[in-house]
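Reading through the structure tokens given below for one structure.
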Amino acid sequence: MASDTAAASELSTEDGVRRRDWIHIAALGTAGVGGASVLFPLVSQMAPSRDVLAASSTEVDVSAIQPGQSIKTTFRKQPLFVKRLSPEEIARAKADDGANMRDPATLADRTKAGHEDILVTMGVCTHLGCVPLGAAEGENKGEFGGYFCPCHGSHYDVAGRIRKGPAPLNLKVPEYSFKSDAVIRVG
Amino acid sequence: MSFAWAKQYEPQTAFTKWLDEKLPFPRLVYNAVGAGYPVPRNLNYMWNFGVLAGFCLMIQIVTGVVLAMHYAANAQVAFGTVEHIMRNVNYGWMLRYAHANGASFFFIVIYMHIFRGLFYSSYKAPREMIWLLGVVIFLLMMATAFMGYVLPWGQMSFWGAQVITGLFSAIPLVGEPLQVWLLGGFAPDNAALNRFFSLHFLMPFVIAGVVILHIWALHIPGSSNPTGVEVKQESDTVPFHPYYTAKDGFGLGVFLILFTTMVFFLPNYLGHPDNYIEANPLSTPAHIVPEWYFWPFYAILRAFTGDLSIPFTGIVLIPAKLLGVIAMFGSILLWFFLPWLDKSPVRSGHYRPMFRKFFWFGLIPTMIALFICGGAPAEEPYVVISQIATAYYFLHFLVILPIVSQVEVPKPLPFSITEAVVGKDKPGGTSGGGAIDAGSVVEGLPGTATDGSLQPAE
């Protein structure tokens, strides 16, 4: 159609666009897409591998835990605290439900209905990932009777809620369910 | 590069003549650290630390490559192979202690080098690029040192990895997935150890590459000097060899005496006993601190204990954790802007009375306070001290330096380096006094005097 102008556009048109620009854009675009698709596996290989992901659920027998006692186990290679709250601790946690907290949550939010005495949390301080004290006999439970992180001084209450110190969030409650009254499945 | 009066390389033998045509490597060495590189005649011992830093990098690469022949980066055996190096491998104890203490000495040398740059304003034009590349090297060194400390897989290794990768989890939205991606799992484990080993092996060579750029950029304007007055004439300089090879050689001897004293008599003084306990994901050591060279920055991280929120509403703008992380990274990234924050045309602290007061009585005590607080437990009075020191640190660079450079009346500068060293020896050299303007500082640069000879030696 525009055969007579084609020869002129070999060099350049008035607005500076040349026919050869197309091949530059196409070549660089193709190389760019190719390069980006090579980059993807290089980035993706650093994500958790299948075996790490496969080991991502744990079953815990909670029947032997006495009121007021906690056990430490692992979930995804991280510490997991399972605590059976005593009636006094439940009362204390409920009394604090309305207190001014950094990450407000009630005890009911953090436990399963019908199992209000079983508190399952990660044993990983939400500040920088240390293991808080308070799960074992005789450890410092902090000013609120729950957990205390010695690294940078975060205090968690009996329900694992952050009350004082630098941590931004409550101790994380992982996804879990009761398989029976005695066994929970985490993950 | 060079000044017009730089000596030219002249190959003497048939072999060096042949080599000079094919691959002029001896010429490169001659022009870079030989008689063909004129250097200001008045450099003091603070100018030794660049060469020493290069030497430290070589110690680390040589001992590190050898240690890698005996180490296995696997969470099951890593701790054991380090003990194997210590007990079974011939001279393994010496190589490992040299590598561990070599890291500390590398940081001592680098901190002296940075201190020199800050006092004599070596970062100012025309040397901004040297400074910027130096900050890049420092950041790479910090990453390398952190990953190296994880490799023995002791308690401090493990919890250091947990805490430092935890810094990334403070980033909004992508933080948690980013931390999992960096670790290759939900907690430090085999995947993390392996990639840290791979990167720890790679990064020193990346550092060596940036060091080459750093030296390349240095050789364009040439070294600064204690007067801060640029080289103007041949009498201002001496050839690098033999004058500074000898001076650097002496400094190297002193350095080696101190270094070997630590390696042979106090090898664990700078380490933590907890790192001789194998990593245990279920038990955090009571007192986690990084290696001493990170203490000032760790103090800045921990100084932020409260959220940034809108008063009386409880709306949190930036949580305390993120504030600390931003401040810690910001405290170093700030150095990238230093050449443009300090606008005073006078370089050397010797001729800047007001700057000097803030330097010695402001910045230096602040750094000492941050150093002490970073190594101390997170309790009073260290928290308050680190908060005050952190505030001064940012104030110093962002407010005090720009204001001082505007209001200060500098002392009279010498006309030339030669005049500063031996008094007036040139009849033409007059009137150096008074505040100098930026134009006269730049005057006499090799770039203006000897166009075309600016190119580096290769």
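Quick one: which of B:Gln387, B:Gln406 is surrounded by fewer than 19 Cβ atoms within 10 Å (Cβ to Cβ), within 14 Å of chain A (Cβ to nearest Cβ) and modelled with pLDDT under 95?
Numbers: B:Gln406 fails: within 14 Å of chain A (Cβ to nearest Cβ).
Checking each option against the conditions leaves just B:Gln387.
Residues that are over 20 Å from the mean Cα position of the chain (by Cα) and among the charged types (D, E, K, R): does region B:124-140 have at least one? Within region B:124-140, none of the residues are over 20 Å from the mean Cα position of the chain (by Cα) and among the charged types (D, E, K, R). Taking the listed residues A:Arg76, A:Arg84, the one that is surrounded by 19 or more Cβ atoms within 10 Å (Cβ to Cβ), under 25 Å from B:Phe186 (Cα atoms) and either in contact (Cβ under 8 Å) with a residue 60 or more places away in the chain or more than 14 Å from chain B (Cβ to nearest Cβ) (or both) is A:Arg76, with no other qualifying.
Take the residues in region B:304-331 that are of a type in the set (A, V, I, L, M, F, W, C) and at the interface with another protein chain (Cβ under 10 Å from one of its Cβ atoms), then tell me which one is farthest from B:Phe397 (Cα to Cα). Here the residue is B:Val316.
Of the residues making up region A:87-126, those that are within 12 Å of chain B (Cβ to nearest Cβ) and closer than 15 Å to A:Val173 by Cα are A:Asp103, A:Pro104, A:Met122, A:Gly123, A:Val124, A:Cys125, A:Thr126. Looking across region A:146-162, the residues that are touching a residue at least 40 places away in the same chain (Cβ under 8 Å) and within 14 Å of another protein chain (Cβ to nearest Cβ) come down to A:Tyr147, A:Ile162. Restricting region A:146-176 to residues that are small (Gly, Ala, Ser) and either under 18 Å from the mean Cα position of the chain (by Cα) or not in a loop (DSSP other than H, G, I, E, B) (or both) leaves a set whose member that is surrounded by the most Cβ atoms within 10 Å (Cβ to Cβ) is A:Gly146. On the stretch given as region B:184-202, residues that are in a helix (DSSP H, G or I) and more than 8 Å from chain A (Cβ to nearest Cβ) total 11.
Do any helices (runs of 4 or more DSSP H) lying entirely in region B:1-73 carry at least 1 residues that are under 20 Å from B:Glu234 (Cα atoms) and out of contact with any helix residue (DSSP H, G or I) (no Cβ under 7 Å at 6 or more places or on another chain), and which ones are they? Walk me through it before giving the result.
Numbers: elements: B:14-22, B:25-33, B:49-68.
Hits in region B:1-73: B:25-33.
Taking (1) without any contact (Cβ under 8 Å) to a residue 40 or more places away in the chain; (2) in contact with a Gly (Cβ under 9 Å, 6 or more places away or on another chain); (3) within 14 Å of another protein chain (Cβ to nearest Cβ) in turn, B:Tyr392 satisfies each apart from (3). Name every residue in region B:386-411 that is more than 30 Å from A:His152 (Cα to Cα) and either in contact with a strand residue (DSSP E or B) (Cβ under 9 Å, 6 or more places away or on another chain) or aliphatic (A, V, I, L, M) (or both), in order of residue number. Selection gives B:Val399, B:Ile400, B:Leu401, B:Ile403, B:Val404, B:Val407, B:Val409. In the set (1) over 15 Å from the mean Cα position of the chain (by Cα); (2) assigned to a helix (DSSP H, G or I); (3) closer than 20 Å to A:Val43 by Cα; (4) of a type in the set (Gly, Ala, Ser), the condition left unmet by B:Gly148 is number (3).
Considering B:Asp248, B:Asp274, the condition of being acidic (Asp, Glu), more than 22 Å from the chain's Cα centre (by Cα) and not in a loop (DSSP other than H, G, I, E, B) is satisfied by B:Asp274 alone.
For region B:79-122, a residue qualifies if it is surrounded by 20 or more Cβ atoms within 10 Å (Cβ to Cβ), among the polar types (S, T, N, Q) and under 30 Å from B:Leu401 (Cβ atoms), and the qualifying residues are B:Ser121, B:Ser122.
Applying the criterion of being within 18 Å of B:Ile364 (Cβ to Cβ) and small (Gly, Ala, Ser) to the residues of region B:331-351, the residue that is surrounded by the most Cβ atoms within 10 Å (Cβ to Cβ) is B:Ser348.
The residue of region B:282-302 that is surrounded by the most Cβ atoms within 10 Å (Cβ to Cβ), among those that are hydrophobic (A, V, I, L, M, F, W, C) and facing another protein chain (nearest Cβ under 10 Å), is B:Leu301.
Take B:Met156 and decide whether it is away from chain A (no Cβ under 14 Å) and either among the aliphatic types (A, V, I, L, M) or in contact with a Gly (Cβ under 9 Å, 6 or more places away or on another chain) (or both). Steps first, please.
On the way: away from chain A (no Cβ under 14 Å): no; either among the aliphatic types (A, V, I, L, M) or in contact with a Gly (Cβ under 9 Å, 6 or more places away or on another chain) (or both): yes.
Judged against the criteria, B:Met156 is not a match.
Residues that are more than 20 Å from the chain's Cα centre (by Cα) and over 21 Å from B:Leu28 (Cα atoms) were ranked within region B:200-233; the one that is surrounded by the most Cβ atoms within 10 Å (Cβ to Cβ) is B:Val229.
Residues in region A:127-145 that are assigned to a loop (DSSP other than H, G, I, E, B) and in contact with a helix residue (DSSP H, G or I) (Cβ under 8 Å, 6 or more places away or on another chain) were compared, and the one that is farthest from the other protein chains (Cβ to nearest Cβ) is A:His127. One residue stands out in region A:54-73 among those that are within 19 Å of the chain's Cα centre (by Cα) and of a type in the set (Val, Ile, Thr): the one that is nearest to the other protein chains (Cβ to nearest Cβ), namely A:Thr73.
The values are calculated or read from the model by the stated rules, or taken from the named source; none is laboratory data. All values reported here derive from a predicted model rather than from experimental measurement. Neighbour counts run over all protein chains shown; Cβ positions are idealised from the backbone, glycine included.
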